[in-house]
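See structure below.
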Amino acid sequence: MQQPLDSPPLSQRLNLLLTALALVISFVLLMLHQLVVGRHNVIEELNTEAAIIGVNSAAALVFNDAKAAQETIDSARLSPRITGGALYRHDGQRLAATGDGNFPSRLDGGAAGDSALAVPPVPPVPQATSYGVLDGVFRDEIRVAGAKAGTLVIHMSFVSLYWRLLEYAVGVTGIAAVALLLAYRFTRRLRQRTAKAEAELEQFAFKDQLTGLPNRRMFERELRQLVERVGRDGSSAALLLIDVDDFKNINDSLGHEMGDLVLKLIGDRLTASLRSVDVVARLGGDEFGVILHGIGASDAATKVARQMIDAVNKPLPTRPTASHVGLSIGMVLIPADGRDANTLLRFADMAMYAAKAQGKNGFRFFSDEIDQRVREDLLTEGGLREALSDGGRGLSMAYQPQICALTGQLLGVEALARWCNADGRQISPVVFIRVAERTGQITELGRWGLAQVCRDLAFFRERGVRLPRVALNVSPRQLLRGESVVRIFQETLAQFGESAAMFELELTENALMEDSGAAVLGAFKAAGFMLSIDDFGTGYSSLGYLKRFHVASLKIDQSFVRGLPQDDENAAIVSAVVKMAIALNIQVVAEGVETEAQAEFLRSCGCHILQGYLLGHPLSPIQFVDFMARRPVESAPLVVGA
Amino acid sequence: MMAIFRRIVVALAILLMALPALSQREGAEADVKAAVIANMMLFVEWPLGGTQVLDRRNLCYLGAGPVTSALAQLDGQLLGGRRLRVVRVDAAAVFDCHALYVAGSEAASWRRNGPSLKGRGVLLMADSAELSQQGAMIHLDVENGRVVFDVDLRAVQLSGLVLSSKVLRLARQVRD
């Protein structure tokens, strides 16, 4: 993009002005100096000339020779500065005069023939030499052998000096102007080159070195200009924020060099799939930004987004193996979704995260819904932080019973987090657990959860309720910290004097599949905790892992239970899972049992442990105590060994 | 002393101013001639090796006339820082004179003695026509009511004197 050259910045103009001022001042000082020296020289020369005239006219004065005196004084006119002169005899009588005349016939005082009425009136001769600005009068005695023979009076003018100075000034100015002009002309090439270099530097400041695409600075500038233009001429555009999915994996597995290559290739492919008027920029890391000019409707934008995703999804020629990446794209329409650059970026960002959460390698348009969700999430995050820092104020654990399908005995409970926030509203665990996982607060929440369960266990004991075991959900996020989480759990248990054998940690299948999780799970096992797989059947599973981690139980996800017993597929899956579990000597629990029919089917499959609304809702400790009290006595808790 | 000299010159200058009206007055003319004769000595250089003393100026005159009377008046004045002595001499005994004025009446005796003074560094001045032919270095005359003088430069040079060019310029005629 060609940028117009900026007019010289203020500092440059100021520089020029100061230079000019300095030049003018030095010029003025120079001329003043010339003036002073010039006048001095003129006066000196005049003195010399007067002396010469005096010597030459001495004899004429002594001998009263008017003719000779006139000749001598006439010679004074040769000097351009002398406008007139007169020789006066010793007695003050004028002997000879020349030039601009107006010399009184008597030196001091009036004489016959000089009256005040004479036209023009004759000015008197000053008593001594005096110089004015424009002219002056020189007066001196002429001596012969020490005695005064007469007086010499000279009228002089500085005007010729001033003319000369003026010529000099004009000449200097002219020459200086010509010199400056020439200098300016000759440096023009230099200045052009400088300007070009500056422009290139600017370009560098705006380019991303790796991909050659515009960088974030330039992209934001483009966006700002776009927003302005849209505001002005009513055009439209679309803003896309793109995040490369799982880029970290590529860096980790193939190295940073390959990672850089991938980014460059992505940049190329994005550019290729867009028009030349569109802007593609690398905003940093694995994030890209795109501006689609003139596209303000979702259909066209969707088409472009699909094109980009398809282009990037193609295999990347990396070494030693080819790789694939996906894109998560968040899109906003301008001006439909906003008119402010910062807001638009924010919205696009939210939309991008929504696209990521939705399953990656896709796109999502920003909507109020997303905005709403993000706002709520922020509130949730804030509230949760407050609650956790306040010792878990508002948070509580609810306990859902796990009942034996055959005997109806209480075999265990699942502890579920509940939150009543400062407003008194119940926040759904779906929401706050999700937020906690995203923000990392899950770790603290988990720790609090364990502590709270311990407290509740004490409460239960006081009330005479003994729980066989407690199942606690553990988020994969908690495993990220490594084995320190195990230590924290152990500390908490020690604090309350509870045993690890009491606890069953529920993890989703994916947690097991993560490499980072494996070591931690081993540590948990070693510490005496039982492990169970939550939502079994909904994620990835390696059946071999079931053995490896000595999983204590499987929990069949409620989505499979819901369809029972009509849904043949679900029935088949459930039946198979139960058989497998039994065969592997793994306990199996069915979640979400809500109807008698489901319960019956499960019983018949051989799934003995049921959890769901049919059996009991998640209850607060007080409610649970009450629940236990109302149950038949024979359902004494049975501890199921691990 | 200087002042007195000045006063004389002033007086003479005043007289000069009124010259046209006074041209008939012989006395005035004589005074002017005397002044010219005396002032002429300001512009002459006498040789060092000459017979004259250099701290004085001796102005001698030969004969008698209105000019000599006027010259006698000037005795004792300061002339250019030196005392002017005006002395009447005899034709035969011209000693120690810087300048000599020969009155017209002595023209005859001059013919006899004049040549012997040549080369002795004496400034010879006269105002008569005959003497101008006989070695007078400065010849005074009156022309158009003004006193003028002619210079015989050869005679001046032959006597070893140096006459300032300032005066030569003022001369009516310079013969060399």
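Values in this text are rule-based calculations from the coordinates and carry no lab data. Keep in mind the model is a prediction, meaning the values are calculated, not measured. Ideal geometry is used to build each Cβ from the backbone, glycine not excepted, and the neighbour counts take in all protein chains shown.
Cα-based radius of gyration for chain A, normalised by 2.2 N^0.38 Å, reads 2.07. Summed over qualifying helices (DSSP H, 4 residues or more, each -39500 (n - 2.57)) and divided by its residue number, the protein assembly as shown shows a 222 nm mean residue ellipticity of -15500 deg cm²/dmol.
When a footprinting reagent is the concern and you count Cβ atoms within 10 Å, what order do B:167, A:589 take, fewest first? Walk me through the numbers before you get to the answer.
Working: B:167 23, A:589 29.
Final ranking by Cβ density, sparse to dense: B:167, A:589.
Pairs of Cα atoms nearer than 8 Å and 6+ residues apart set the relative contact order; for the range A:140-254 it is 7 percent. On the beta carbon distance between residue A:248 and residue A:490, with R0 = 25 Å, the FRET formula returns roughly 0.20. Estimated from the Cβ-Cβ distance and a Förster radius of 45 angstrom, the FRET efficiency linking residue A:26 and residue A:67 is about 0.25. For chain A, no complete DSSP H run has alpha carbons reaching 20 Å or more along its own long axis together with a mean Kyte-Doolittle score of 1.6 or higher. For the range A:371-447, the list of chymotrypsin sites (Phe, Trp or Tyr not before Pro) that fall in a loop by DSSP and count at most 16 other C-beta atoms within 10 angstrom is empty. The Cβ shell under 11 Å around residue A:66 holds other residues with a net charge of +2, Lys and Arg each +1, Asp and Glu each -1.
Across the range A:477-612, Cα pairs under 8 Å and at least six residues apart give a relative contact order of 18 percent. Multiplying each eigenvalue of the alpha-carbon gyration tensor of the range A:383-471 by 5 and taking the square root yields semi-axes of 27, 15, 12 Å, largest first, rounded to whole angstroms.
Look at the dipole of the protein assembly as shown built from charges on Cβ: of B:43, A:494, A:211, the Cα furthest out on the positive end belongs to B:43. Quick one: Kirkwood hydrodynamic radius for the range A:471-614, alpha-carbon pairs, angstrom, one decimal? Result for the range A:471-614, one decimal place: 15.7 Å.
For the range A:123-218, the calculated P(r), taken from all Cα-Cα distances in 10 Å bins from zero up to the bin holding the longest distance, is 12, 17, 14, 12, 10, 9, 8, 8, 6, 4, 1 percent. Neighbouring Cβ atoms from other chains, within 10 Å of the Cβ of residues in A:54-66, number 6 on average. With kT/(6 pi eta Rh) evaluated at 37 °C and eta = 0.692 mPa s, and Rh the Kirkwood radius from Cα pairs, the range A:484-545 diffuses with a coefficient of 266 µm²/s according to Stokes-Einstein. A straight chain from residue A:307 to residue A:159 at 0.36 nm per residue would run longer than the Cα-Cα distance by 44.4 nm. If you take the Cα centroid of the range A:64-99 and the Cα centroid of the range A:336-382, the two points sit 107 Å apart. Measuring nothing but how far apart in sequence close Cα pairs (under 8 Å, 6+ apart) lie, relative to its length, chain A scores a relative contact order of 8 percent.
The stretch between residue A:203 and residue A:600, if pulled fully straight at 0.36 nm per residue, gains 135.6 nm over its current Cα-Cα span. Here the range A:306-392 is treated as a sphere whose radius is the Kirkwood value from Cα pairs; by Stokes-Einstein at 20 °C and 1.002 mPa s it diffuses with a coefficient of 142 µm²/s.
Rounded to the nearest 0.05, the FRET efficiency derived from the C-beta distance between residue A:540 and residue A:272 at R0 = 35 Å is 0.55. Peptide B:38-48 shows a mean partner chain C-beta count of 2 within 10 Å per residue C-beta. For the protein assembly as shown, the residue among A:55, A:575, A:350 whose Cα projects farthest onto the positive side of the dipole built from Cβ charges is A:55.
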